[in-house]
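Here's the structure we're looking at; comments come further down.
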Amino acid sequence: MINNDRILNAVFALYEKRKNDSENKAYEINNFLNTDKNWEQNRYQIKDISMQIAKAEYFGESINIEALKEKREFLKQERAKLLKSKNLSESDLAPNYHCKKCNDSGYFENGKLCECFFDTLSTVCEGFLNISTPVLPSFEKYISCNPTQEKLKQKFIEYTNAFPPKNIKNLIFTGAPGTGKSFSAGCIASELKAKKHSVIYLTAVKLGDIFLTYHTASVSDKQAIFSLLTSSDLLVIDDLGTEPLLKNVTVEYLTAVISERLNLSKPFIITTNLSMDEIKNRYTERFLSRISSSESARISFSGCDLRQKKN
Ligand SMILES: [Zn+2]
């Protein structure tokens, strides 16, 4: 298959690899066992007795079925012992699929995608886009230097405890550089990650790079990238305003991602040194009104630098 759906092709290649790996492993184990005469004999005996039992039950034959069942039980115990002596168990004989629902194919016979598909797509997409989450700070390192900051810290902890939030979903952190905006967003992101929520944390510069890749991607790869940016439980865009502004790319795609997240009720956090007026001038009034919807809270940071108090 030659096409330029690089992400989707990689997703299905990964499924195929997972499937082959687990099936080959089970195949090798079965082959290895079949070289053992005792194993083969035991397997044959169990099969033979099972057939005798089935036949007797079906035709109502007057033989001692209970005795046969007892014998079969004994043979099964022998089988278990044999497996144990080779450091194996019954579950090693069948493929141990990564996803037991779709047996690592990613979809079902009726064409529906399996629920593991999005995770796999995200893994591949993150690799393709070279997204790696930076080392994030945690609330333990968040030492407030005044009561206002302490109140904010408690609010952020509440936000993570009540996640996904019902009313205020999105947070816009504004303020001068070095006032703890990125640090606070990082604490929230790491806490939610620890609670097993899917979080994508991107600098605005990295997001700009992704938009460029998106711009030239195939239709299905575009869908994959868009879905990655819009479907995670939380998206953090750090330092909005530091990315180069590319015509027909930055504002358009940024607005599309934020609008889709609002539609899907998927929270986002934006940190920025820009004022609301500067945001309006740089990204349009439409964008500003999206990020300042009734589901968003703007928090302005001032005062000491939380980063300096990390240790
Ligand atoms: Zn699956």
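All of the numbers you see were taken from the coordinates with simple rules; none came from a lab. Since the structure is predicted, the reported quantities are computational estimates derived from the model, not experimental observations. Using ideal geometry, Cβ is built from the backbone for each residue, glycine included, and neighbour counts are taken over all protein chains shown.
Determine the percent antiparallel among the DSSP beta bridges restricted to the chain, to the nearest 5.
So the antiparallel bridges amount to about 5 percent of the total.
Determine Rg/Rh for segment 136-209; Rg is computed over alpha-carbon atoms and Rh is the Kirkwood hydrodynamic estimate from the same atoms.
Numbers: Rg = 12.6 Å, Rh = 13.2 Å.
Rg/Rh for segment 136-209 comes to 0.96.
What spacing in nm lies between the two simple spin-label points modelled at D92 and K112, each 7 Å away from Cα in the Cβ direction?
Result for the modelled spin labels: 3.6 nm.
Counting other C-beta atoms within 10 Å, and keeping those with at most 12, which DSSP coil chymotrypsin sites (Phe, Trp or Tyr not before Pro) do you find in segment 56-152? Could the numbers behind the result be given before it?
Working: sites: Y58, F59, F74, Y97, Y107, F108, F117, F118, F128, F139, Y142; in loops: Y97, F108, Y142.
Those that pass, being in a loop and sparsely packed, are F108.
Tell me the angle of helix 6-34 to the major Cα principal axis of the chain, expressed in degrees between 0 and 90 and rounded to the nearest ten.
Roughly 30 degrees between the two axes.
In a Gaussian network model over the chain where Cα atoms closer than 10 Å are linked, find which of G175, G241, G111 has the largest mean-square fluctuation.
G111
Can you sort E28, E109, E252 so the residue with the fewest Cβ neighbours within 10 Å comes first?
E109, E28, E252
Based on other C-beta atoms within 10 Å, arrange D104, D5 from fewest to most. Write out the running numbers ahead of the final one.
Details: D104 23, D5 18.
Listing D104, D5 from fewest to most nearby Cβ atoms yields D5, D104.
Any idea what angle helix 147-161 forms with the longest principal axis of the chain, computed on alpha-carbon atoms, 0 to 90 degrees, nearest 10?
30 degrees
Can you tell me how the chain classifies by the Cα gyration tensor, rounded, prolate or oblate, using a/c under 1.5 as the rounded cut? Working shown, then result.
Details: a/c = 3.27, a/b = 2.36, b/c = 1.39.
Note, shape of the chain comes out prolate.
As a quick test, which of the pairs K181/K280; K196/K266; K100/K196; K17/K76 have an alpha carbon distance above 23 angstrom in this structure?
Numbers: K181/K280 20 Å; K196/K266 15 Å; K100/K196 21 Å; K17/K76 33 Å.
Where the Cα-Cα span goes over 23 Å, the pairs concerned are K17/K76.
For V199, V236, V251, which order do you get if you count the other beta carbons within 10 Å of each Cβ and list the fewest first?
Values: V199 21, V236 25, V251 17.
Fewest-to-most Cβ neighbours within 10 Å comes out as V251, V199, V236.
If you line up the long axis of helix 219-231 against the longest principal axis of the chain, both from Cα atoms, how many degrees apart are they, to the nearest 10?
Roughly 80 degrees, rounded to the nearest 10.
Gap in Å between the Cα centre of segment 147-163 and the Cα centre of segment 182-255?
Taking the Cα centre of segment 147-163 as reference, the centre of segment 182-255 is 24 Å away.
Quick one: which residues, 5+ away or cross-chain, put their amide H under 5 Å from the amide H of F173? H built at 1.01 Å from N.
The list, which skips near neighbours in sequence, is I270, T271, T272, I299.
How many nm separate the modelled label positions at F32 and K166, each set 7 Å beyond the Cα in the direction of the Cβ?
A separation of 5.5 nm, rounded to one decimal place.
Shape call for segment 38-111 from the C-alpha gyration tensor, a ≥ b ≥ c root eigenvalues: rounded (a/c under 1.5), prolate (a/b greater than b/c) or oblate?
Details: a/c = 3.79, a/b = 1.53, b/c = 2.48.
Oblate, since a/c reaches 1.5 and b/c is not below a/b.
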